[in-house]
Amino acid sequence: MINNKVEFLKKQFPFLEKLIALTETNWFNPNVTSVKEALPYVGLTAEDVRDASARLERFAPFIANAFPETQSSNGLIESDVIDIANMKQALCANQTLDIPGRLMLKKDSHLPISGSIKARGGIYEVLTHAENLAIKSGLLNKTDDYQCLLNNSFKRFFSQYSITVGSTGNLGLSIGIISAKLGFSVTVHMSADARQWKKDRLRSLGVHVVEYNQDYGAAVCEARKQAENDASCYFIDDENSKTLFLGYSVAGERLKKQFDHLGIIVDQEQPLFVYLPCGVGGGPGGVAFGLKLAFGDHVHCIFAEPTHSPCMFLGVHTGLHDAISVQDIGIDNITDADGLAVGRASGFVGRAMERLIDGYCTISDESLYRYLGLLYKSENIALEPSALAGMHGLKAVVENSEYKTRMGLTEKVMENATHIVWATGGAMVPPEEMEKYLSQATI
Ligand SMILES: *Cc1c(COP(=O)(O)O)cnc(C)c1O
């Protein structure tokens, strides 16, 4: 982007100065609307989410058999939602914050199979592709017991096809693990910031890992190119995929069921706030879509990004979406939050969801580590740095009175609120790596 244009944008959007200065900041979008008004812009419907949910049900017997850790949930890939009252207390003391309501953690960090939120979207898209191929060749019927997919005949069938993806690490892990299990030939193009252990893990499963010394955008670009030249190769498009998005969105109805079970009510007087770490946007966007369908206007979603990678904030705030990158305004996209190191947001997600996301906030790596240490000390839960980003959204909501007044969120209502920090990764981090993270946690 040319300099002139950047200067013009800065005048038009004074907020950019704060992003460029890399200071932690937040913005609550004045243009959010009701679910009813916003839904037509999403381009996807409740029916699409039900279809995704039904597909995951069909695959559940296969998943339970192929990944024994999912047997207790009958082959559904789902995580717990738990109270973190000690963390709430620690946050109040550490930040002199007064947090009204109940604080909970959604442990996608501990999702079975790949230990991150990518176990929702990534695995779902590979399953969808496998089902489409097998049904088209007459090998599978939707009414079959999908445990048959474990047979060698299916492995041989899928081995004729390849799958490719670009990733900062976790998406590659999810796609690699499930694709290898089904028998696909799979290539993961890893950006420079991807952790060595993630590459090692994938190679041990027979996944082709190609490494780049550039960022996520470059890795995706190479993956796309690979598929363009090979008709049997399927490219998983993290920047634009509706299938990935729908895989994530099933989380909404699942959380609703968990809340019903726990007796947690969400309504006008008892709102729900959900804080989601955002990279390219598919994960948090899909989850937020599912949550809006499940809880309507009473759920408020806030996205959190590193100060060095605020791509969705930038794209939605300027209305330029994927026509602008953080590098265009001189931000380097270098952060320890590897799942969030994305310079250009998904245009599809930004345009689909901008009317439904209440706010955006940025967080420094230093704060990520501080929350990482606080959570470990107070709750004995260890997460990867990206997964802590949501904690800062909580602070933004607690501190911003303009937003709460505009949304009719009075003090009395806030006292009855439930806050969920969506923890997006961490369970598969090797102990020696986790030690390093914890040693950086200055509290
Ligand atoms: C990928 C990822 C996210 C964000 O998902 P996007 O679809 O990239 O926005 C958040 N946290 C972790 C740990 C991730 O791996």
query = Pairs, please: C-beta under 8 Å, at least 6 apart or cross-chain, first residue under 22 Å from residue 275 (Cα atoms) and in the range 302-327, second surrounded by fewer than 21 Cβ atoms within 10 Å (Cβ to Cβ) and among the basic types (Lys, Arg)?
reply = 321/351
query = Which of the residues spanning the range 280-296 are small (Gly, Ala, Ser), near the ligand (Cβ under 9 Å from one of its atoms) and either over 15 Å from residue 309 (Cβ atoms) or assigned to a helix (DSSP H, G or I) (or both)?
reply = 282, 283, 285, 286
ask   = helices (runs of 4 or more DSSP H) wholly in the range 345-407 with at least 2 residues that are within 29 Å of residue 430 (Cβ to Cβ) and assigned by TED's automatic domain parsing to the domain that holds residue 297 - which ones?
value = 365-379, 390-399
query = Does residue 350 meet the test of being within 18 Å of residue 30 (Cα to Cα), without any contact (Cβ under 8 Å) to a residue 40 or more places away in the chain and either out of contact with any Ser or Thr (no Cβ under 6 Å at 6 or more places or on another chain) or of a type in the set (Val, Ile, Thr) (or both)?
reply = no
remark   = Filter the range 82-117 for residues that are polar (S, T, N, Q) and within 16 Å of the ligand (Cβ to nearest atom); the one that is surrounded by the most Cβ atoms within 10 Å (Cβ to Cβ) is 116
Filtered residues of the range 217-251 (kept if closer than 17 Å to residue 189 by Cα and in a helix (DSSP H, G or I)) = 217, 218, 219, 220, 221, 222, 223, 224, 225, 226, 227, 228
query = Mind checking which residues of the range 250-279 are among the polar types (S, T, N, Q) and either within 12 Å of the ligand (Cβ to nearest atom) or at pLDDT below 95 (or both)?
reply = none
Selection within the range 94-144 - closer than 21 Å to residue 51 by Cβ and basic (Lys, Arg) = 118, 120, 136, 142
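Yes/no matrix, rows are residues, columns are (1) farther than 30 Å from residue 319 by Cα; (2) polar (S, T, N, Q); (3) more than 16 Å from the ligand (Cβ to nearest atom):
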position: 361; (1), (2), (3): no, no, no
position: 374; (1), (2), (3): yes, no, yes
position: 386; (1), (2), (3): no, yes, no
position: 400; (1), (2), (3): no, yes, yes
position: 404; (1), (2), (3): no, no, yes
position: 429; (1), (2), (3): yes, no, no
position: 434; (1), (2), (3): yes, no, no
position: 439; (1), (2), (3): yes, yes, yes
task = Read through the list (1) within 21 Å of residue 218 (Cβ to Cβ); (2) at pLDDT 95 or above; (3) part of a helix (DSSP H, G or I), then give the number of the only condition that residue 339 fails.
result = (2)
query = Of the residues that make up the range 104-124, is at least one over 20 Å from the mean Cα position of the chain (by Cα) and either in the same structural domain as residue 250 (by TED's automatic domain parsing) or under 23 Å from residue 276 (Cα atoms) (or both)?
reply = no
key: Counted residues, the range 423-443 - those being crowded, with 19+ Cβ neighbours inside 10 Å and either aliphatic (A, V, I, L, M) or assigned to a strand (DSSP E or B) (or both)   = 6
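The values are calculated or read from the model by the stated rules, or taken from the named source; none is laboratory data. Just so it is clear, the structure is predicted and the values come from calculations on it, not from any experiment. With ideal geometry, Cβ positions are generated from the backbone for all residues, glycine too; neighbour counts draw on all protein chains shown.
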